[in-house]
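The values are calculated or read from the model by the stated rules, or taken from the named source; none is laboratory data. Small disclaimer: the values here were computed from a predicted structure and weren't measured. Virtual Cβ from ideal backbone geometry, glycine too; neighbours counted across all protein chains shown. Areas reflect the complete protein model, heavy atoms only, side chains present, ligands, DNA and RNA absent. Shrake-Rupley method; radii C 1.70, N 1.55, O 1.52, S 1.80 Å.
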Amino acid sequence: MPESAAAPATAAASTPADAVTDGAALPGPAQVQRLTDVVTRLRRALRSSIRTDYPWESLPMAQVELLQTLATGPLRVGELAARQRLAPNTVSGLIGKLLDSGFVDRQADPGDRRTARIALTPAGHRQLADWQRAHERRIATALAMLSAEDSTAIMDALGGLERLATALGTETPTGASDEPGGTAG
């Protein structure tokens, strides 16, 4: 193929709205904005409803996200910071609050005695499980209020949403925040 014929295709695929994946055009800016708005509203609704239904729940989302990450096993502060895409000093501050609450503790790192790993305590596991169950109940209740078609459409979209979350997690974000709630949305 001549270079002149290839150039327009490359230029056309350089903007997300014009790119083609598996033969289907990607959504345009209005659809992307709508998805962004819906995700933000979902997160806000979950946060506010959990605090309405369970006023004892006072953990900021950034701390909950650290507990979720630690549920897979103990990690060093630097590893946590990298996974959460936060500055290590921000993560250290969050960990300090979780230590004070008794939800995490420091453990000796078997590979390097100069460093510590942060691990969930039994209280941290319970807190995270309570938080997860409360959210599952809220979502199940909300899904039950929708039509069968809407519930099915939402459940059918989960695979694509999981892949979207993975894709977002693998790219370097522009304007990423180092604030404690920066990932909370």
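Numbers for the structure displayed
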read-out: Some residue of segment 166-183 being at pLDDT 90 or above and under 21 Å from Leu46 (Cβ atoms); value: no
read-out: In segment 125-147, residue farthest from Arg43 (Cα to Cα) [restricted to those that are open to solvent by less than 70 Å² (accessible area, probe 1.4 Å) and more than 19 Å from the chain's Cα centre (by Cα)]; value: Ser147
read-out: Helices (runs of 4 or more DSSP H) wholly inside segment 1-88 containing at least 1 residues that are at pLDDT 60 or above; value: 29-53, 61-70, 77-84
read-out: Count of segment 29-48 residues which are open to solvent by less than 100 Å² (accessible area, probe 1.4 Å) and closer than 25 Å to Ala134 by Cβ; value: 9
read-out: Yes/no for Ile139 being under 28 Å from Ser49 (Cα atoms), in contact (Cβ under 8 Å) with a residue 40 or more places away in the chain and of a type in the set (Val, Ile, Thr); value: yes
read-out: Selection count where residues are surrounded by 12 or more Cβ atoms within 10 Å (Cβ to Cβ) and either β-branched (Val, Ile, Thr) or assigned to a helix (DSSP H, G or I) (or both), scope segment 97-122; value: 8
read-out: One residue from Ala71, Ala62 being in contact with a helix residue (DSSP H, G or I) (Cβ under 7 Å, 6 or more places away or on another chain) and surrounded by 15 or more Cβ atoms within 10 Å (Cβ to Cβ); value: Ala62
read-out: Selected residue (only one of Ala157, Ala87, Ala167, Ala82 is more than 26 Å from Ile50 (Cα to Cα), exposed (fewer than 12 other Cβ atoms within 10 Å of the Cβ) and within 18 Å of the chain's Cα centre (by Cα)); value: Ala167
read-out: Test result for Arg133, within 29 Å of Leu35 (Cα to Cα), in contact (Cβ under 8 Å) with a residue 60 or more places away in the chain and in a helix (DSSP H, G or I); value: no
